[in-house]
1. For the chain, report the accessible area per residue in Å² (1.4 Å probe, heavy atoms, rounded to an integer).
2. Within the chain, what is the number of lysine pairs with alpha carbons under 22 Å apart, leaving out pairs fewer than eight places apart on the same chain?
3. From Cα coordinates alone, what are the radius of gyration and Dmax values for the range 16-79 in angstrom?
4. Where does the chain land at 222 nm, in deg cm²/dmol rounded to the nearest 500, when only DSSP H runs of n ≥ 4 count, each adding -39500 (n - 2.57), divided by all residues?
5. When N is the residue count of the range 1-159, what does its C-alpha Rg come to as a fraction of 2.2 N^0.38 Å?
6. So what's the net charge close to ASN282: Lys and Arg +1, Asp and Glu -1, counting the other residues with Cβ under 14 Å from its Cβ?
7. Can you quote the Å³ per residue value for the convex hull of the Cα atoms in the range 81-235, rounded to an integer?
8. Between 0 and 90 degrees, rounded to the nearest ten: what's the tilt of helix 285-295 against the longest Cα principal axis of the chain?
Amino acid sequence: MQDFLWENQSSVSEFILLGFSKDSQINAILFNIFLFLYLSTLVGNGLIVTVIHLDSRLHTPMYFFLSVLSLLDMSYVTTTVPQMLVHLVCQKKTISYVGCVAQMYIFLVLGITEGWLFSVMAYDRYVAICYPLRYKVIMSPWLCGAMVVFCGLWGVSCSLVYTVFTMRLPYCGPNEINHFFCEVPAVLKLACADTSLNDQVDFILGFILLLVPLSFILASYIRIFATILRIRSAQGRLKAFSTCASHITVVTMFCGPAMFMYMNPGANASPERDKKLALFYNVISAFLNPIIYSLRNKDVKRAFLKLTGRGRTTE
């Protein structure tokens, strides 16, 4: 793959990431904000992974998928945010051609894997609520592992298509990317060739990678809500719905902006809007995910209190 990309590189050996602003004072403020968000994301998601690993009561399919989501979120932001932080305080804002390709590919692998993981998590909730007596049998450790591997394979293979179709084009200058990392729509704007084929490929892949998982999620929740409405106890209905509310929230935060970004033709894209959308599904959602899941989940809060030594009296 690397030889192929170098042969089609043309004259550009590095790119300049313009980021958000040329004003040093604004960049200093943004540096502090994004540093806080990044460290909070690592700490929050790291705590969730640690708590799930240490508390045997959380060794269930639901929390296994949640721990995988947290690992993906930590990796996801680490692909883009550290470099963005450096560029906010340094004059040099360049990234090598190969570095840009690597960042683009890794970012896509993690993002696509996370998108499909959301559909797996919806299926897990569907089985738990619609077939509670058979839940442990259906959601076996083997099946849970296989579904996570399936999500990862989708990420690895489809990201390769995205990256190759983007970087096969000649880039002969200018080399300034109006973004804070090497994302496909922003890089395509610099291509010295017709990108209409790329727009078609991006739309088709966006349909497969976003609308298909969303369709699975929607189908799962239609069955879930139908089952919840048949529960006679109001408390039972509320408990069943509360186990799904966190998942619905994070899916909306992640998939909505991503779908708008990758299924929108390149000619209609706005750089400033795209940067804000990318911030939302790359940085903000990863920051909010542990907050959403921990605040709405009594099991996670109880396990955290136990970990810190404050929950012993409630055992």
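The values are calculated or read from the model by the stated rules, or taken from the named source; none is laboratory data. All values reported here derive from a predicted model rather than from experimental measurement. For neighbour counting, all protein chains shown are included, and Cβ atoms are generated from backbone atoms with ideal geometry for every residue, glycine included. Heavy atoms of the whole protein, side chains included, go into the accessibility calculation; ligands, DNA and RNA do not. Shrake-Rupley method; radii C 1.70, N 1.55, O 1.52, S 1.80 Å.
1. For the chain, the per-residue accessible area is 49 Å².
2. 17
3. For the range 16-79, the Cα radius of gyration and maximum Cα-Cα distance read 16.3, 50 Å.
4. Per the formula, -24000 deg cm²/dmol.
5. That works out to 1.32 for the range 1-159.
6. -2
7. Per-residue hull volume (Cα only) is 150 Å³.
8. For helix 285-295, the angle is close to 10 degrees.
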